[in-house]
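The values are calculated or read from the model by the stated rules, or taken from the named source; none is laboratory data. Source: prediction; values computed, not measured. All Cβ positions, even for glycine, are placed from backbone atoms using ideal geometry, and neighbour counts span all protein chains on display. Keep in mind that these areas ignore ligands, DNA and RNA; they rest on the heavy atoms of the full protein, side chains included. Shrake-Rupley method; radii C 1.70, N 1.55, O 1.52, S 1.80 Å.
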Amino acid sequence: MKFFISVFMALMLAGCGYKPVSKITKEMTGESVYVDVVISKTEPKNSVWVKDAVKEGVVSRLNKTLSDDQNADMSIIISVGSLSYQAAVYDQYGYITSYRAILNLNFKTRLKDGSVVNITTSGEHDFSIARRLQNTRYADSVISDTERYEAIKEASKEAFDEYIANLALKGYQNGSRNR
């Protein structure tokens, strides 16, 4: 009886049509990717940090090689829609001890087949700014450059993950129309 149940389960899983995200995106993107960010005039540092985080994501999550614009199978042009910091946690004296960085990115993507897709995503990252030195806590509500960099980097990673999911969904939808 266990044998028949095992065979039945194996046939069900084999026939369900599951396709991994990496396979769907590979069919759409090719092997090399060009990544660029439209530099924000108000805060150019943030744009550079976003570009670094997305390039890291392309290499580590998509397993693609970075290339120049002429030789790339796919190009991604990123623009920062908005970046804001919201107070997330206050202490008993009313000082802000934690912030939430909210980053909205627009990915204009030219795929391997030449089609262009615009995907808007958002990422968030919570971080603490309160410091404790010898049982004395200093909460000055000031965000340092290091904390901003880490918050933007982590929010960019989250936005990039959402971008990959949306790209895979579009690839799956296009693939299901072609069947």
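Odds and ends about this structure:
- Residue in segment 14-32 that is more than 25 Å from LEU167 (Cβ to Cβ) and modelled with pLDDT of 75 or more present: no
- Each residue in segment 67-108 was checked for being in contact with a helix residue (DSSP H, G or I) (Cβ under 8 Å, 6 or more places away or on another chain) and acidic (Asp, Glu), and 1 of them qualify.
- So ILE76, is it touching a strand residue (DSSP E or B) at 6+ places or on another chain (Cβ under 7 Å) and more than 21 Å from THR146 (Cα to Cα): yes
- Residue within segment 166-174 that is exposed (fewer than 15 other Cβ atoms within 10 Å of the Cβ), closer than 20 Å to VAL38 by Cα and modelled with pLDDT of 80 or more present: no
- Applying the criterion of at least 3 residues that are at pLDDT 85 or above, over 26 Å from THR29 (Cβ atoms) and open to solvent by 80 Å² or more (accessible area, probe 1.4 Å) to the strands (runs of 3 or more DSSP E) found wholly in segment 39-156 leaves an empty list.
- Some residue of segment 6-13 being at pLDDT below 75, in a helix (DSSP H, G or I) and within 23 Å of LYS112 (Cβ to Cβ): no
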